[in-house]
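A.B. asks: What follows is a single structure, and I will ask about it in a moment.
The values are calculated or read from the model by the stated rules, or taken from the named source; none is laboratory data. Worth saying up front: this structure is predicted, and the values here are computed from it rather than measured. Every residue, glycine as well, gets a Cβ built from its backbone with ideal geometry; the counts of neighbours run over all protein chains shown.
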Amino acid sequence: MSFKVHDIKEYNYAFDARLGAPGQLQLWGNEGKVAQIEFIDDGLPVPQPMFPPDLSSAKIFFKRSALVGIVDMLRNEGPVRLTINDQYPGHVLLHTGPEPVGEGEKQ
């Protein structure tokens with residue numbers, strides 16, 4: 001089992017006019033693009049993430065309703081990290097780093 005943690009430095013997202021919904025979100029770290037996030041209908045099962053053996057990047061899926069929370073995390077929290085873990089069946093976590101209790105929102 002191994003894992004790799006990427007610090008997220010930048011992000012961008014797009015809306016797909018054909019779908020009338022979020023299309024994709026990309027996360028960037030010091031070494032370039034570390035994640036391609038695609039959004040699926042809320043009623044569908046979430047596919048397993050895909051990543052290469054070196055854990056340098058990942059293609060991950062979230063339900064469309066998660067977009068607002070993800071963008072809020074990227075805009076208002078720090079540090080934000082992406083952990084890729086190859087322990088079967090493989091998983092990817094988008095998360096914040098440690099934060100002081102009671103810190104409140106940044107101004």
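A.B. asks: Output the residues belonging to region 53-62 that are part of a loop (DSSP other than H, G, I, E, B) and surrounded by fewer than 18 Cβ atoms within 10 Å (Cβ to Cβ).
C.D. replies: P53, D54, S56
A.B. asks: Scan region 63-96 for residues that are charged (D, E, K, R), part of a strand (DSSP E or B) and under 18 Å from K9 (Cα atoms) and jot them down.
C.D. replies: Correct list: R81 only.
A.B. asks: Mind listing just one residue for me: the one in region 31-52 that is part of a strand (DSSP E or B) and aliphatic (A, V, I, L, M) and, of those, nearest to Y88 (Cα to Cα)?
C.D. replies: M50
A.B. asks: Do you know which residues across region 9-37 are touching a Gly at 6+ places or on another chain (Cβ under 8 Å) and of a type in the set (D, E)?
C.D. replies: D16
A.B. asks: Ok, one more. If you check G90, G102, which single one turns out to be out of contact with any Leu (no Cβ under 8 Å at 6 or more places or on another chain), over 20 Å from S2 (Cβ atoms) and not hydrophobic (A, V, I, L, M, F, W, C)?
C.D. replies: Just one listed residue meets the conditions, G102.
A.B. asks: Quick one: is S65 in contact with an Asp or Glu (Cβ under 9 Å, 6 or more places away or on another chain) and touching a residue at least 40 places away in the same chain (Cβ under 8 Å)?
C.D. replies: Taking the combined requirement at face value, the residue does not satisfy it.
A.B. asks: Related question: Scan region 19-30 and tell me whether some residue there is assigned to a loop (DSSP other than H, G, I, E, B), more than 30 Å from E103 (Cβ to Cβ) and touching a residue at least 24 places away in the same chain (Cβ under 8 Å).
C.D. replies: no
A.B. asks: For residues that are aromatic (F, W, Y) and under 17 Å from V71 (Cβ atoms), scanning just region 1-45, find the one that is modelled with the lowest pLDDT.
C.D. replies: My answer is F15.
A.B. asks: Which is closer than 18 Å to K59 by Cβ, under 13 Å from the mean Cα position of the chain (by Cα) and charged (D, E, K, R), of K9, K33, K4?
C.D. replies: The conditions single out K33.
A.B. asks: Of the conditions (1) on the phi > 0 side of the Ramachandran plot; (2) surrounded by 15 or more Cβ atoms within 10 Å (Cβ to Cβ), L27 satisfies every one except a single condition; which number is it?
C.D. replies: All conditions are met except number (1).
A.B. asks: Residue check: is Q48 at pLDDT 90 or above, surrounded by 11 or more Cβ atoms within 10 Å (Cβ to Cβ) and touching a Gly at 6+ places or on another chain (Cβ under 7 Å)?
C.D. replies: Against the criterion (at pLDDT 90 or above, surrounded by 11 or more Cβ atoms within 10 Å (Cβ to Cβ) and touching a Gly at 6+ places or on another chain (Cβ under 7 Å)), Q48 qualifies.
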